[in-house]
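The values are calculated or read from the model by the stated rules, or taken from the named source; none is laboratory data. The shown structure was predicted, so the numbers you read here are calculated from the model rather than taken from an experiment. Counting neighbours? That spans all protein chains shown, and the Cβs are built from the backbone with ideal geometry, glycine included. Keep in mind that these areas ignore ligands, DNA and RNA; they rest on the heavy atoms of the full protein, side chains included. Shrake-Rupley method; radii C 1.70, N 1.55, O 1.52, S 1.80 Å.
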Amino acid sequence: HIAREFAMSATLKGKIVSSFKLHGLSLQRDAAQFLVDVLSPVSDVEVEDWLDKIIDGVQKQALTSSLIGRDHVDWAVQDCSVGTDRESDKVFQVIDAFSIPRLSYNIDRKKFIPNAAIESMPCLHGSARTKAELFKERYTILHQRTLRHELFTPPVAGAPLEQQTKKFQLRPVEYLLGTTARLGRVIVLGMLTQLKEGKYFLEDPTGSVELDLSEAIFHTGIFTENCFVLAEGMYDDRLFHVSALGFPPAETSRATRSYFGNVNFFGGSSSACAKSSVCQHMNVEDKRLREILTHFVYAYSHIWLKLKQKTLMPCLSFYQTCGLTSPR
């Protein structure tokens, strides 16, 4: 009997480890044993579903390594046990500035991870390097977002020449400073600063270049010092002659979520973003609403059939909105 249980545990452990490897993750020994203990009472049919949920819960976390420890899987198991409908989630929460997760965009991994360089305890008055780190983080976030815009994504191989000519390429400031030749139609993302009185510069983590704004066309927006802009123009003789100045393109929340999933950037009790939790909750409520409306009897009065476009049709469209069949 003991030998049989040992063999079953070894089989389950192998299935757990292989499932995590399929997602590019490795389990520490104590983490794998913890999952064996958790999933042992579960039937073989349900093990696969539970593993998918646990792995999904692990991937929601801000991982700094592909090696998964006991804490990660413990948190994922607790998250799964809360329930998929998340009816207990609070839609409105007050989250103070000191409780917001301090995440930084990792250029190599192309995801947001906890910033280990930030002090463990937040402070109201930052240190001398805090201001520089603030602008650097801001630049990194805007840069990766701008590169995803359709105007700056590399053209697809074999695409028509028309589409290729509509693409632009972002250049860092060091690209301008490292050349002695004249450059035409260059686009640079940087921070607008006034390093010398009366002279404006464009600055990024690679350097700064002086601007000539005498013939610049300003797009819609309010331009202030320390704001990040896209500058287009010509570089000649260590001076960037700007022809157009505008802000980086905005991005919808749906587009952002398509790249980063349901990462919770603002903190709170939920592991996923509030919108995702609310949508899941509303899907459950929609099903309940349909069930309730199906068993209702509706009484209408003062419906003028001669004016059916104004009276009858709105009533019938209500049923279609709820996913119900119109009454006969």
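Stretching residue 66 away from residue 206 to a fully extended chain increases their span by 47.3 nm, per 0.36 nm per residue minus the current alpha-carbon distance.
For the pair residue 49 and residue 227, label points projected 7 Å from Cα toward Cβ lie 5.3 nm apart. Each DSSP beta bridge with both residues in region 152-237 is either parallel or antiparallel, and the antiparallel ones are about 90%. Spin-label model, residue 258 to residue 169: label points 7 Å out along the Cα-to-beta-carbon direction sit 2.5 nm apart.
Fully extended, how many nm does the chain gain between residue 177 and residue 131 (0.36 nm per residue separation, minus their Cα-Cα distance)?
14.1 nm is the gain from fully extending residue 177 to residue 131.
Calculated translational diffusion coefficient of region 96-250 (10 °C, 1.306 mPa s; Stokes-Einstein with Kirkwood radius over alpha-carbon pairs) equals 91 µm²/s.
Contact order for region 193-271, expressed relative to its length and based on alpha carbon pairs under 8 Å spaced 6+ residues apart, stands at 23 percent. In the context of the full set of protein chains, residues of region 122-194 present 68 Å² of accessible surface per residue (probe radius 1.4 Å, heavy atoms only).
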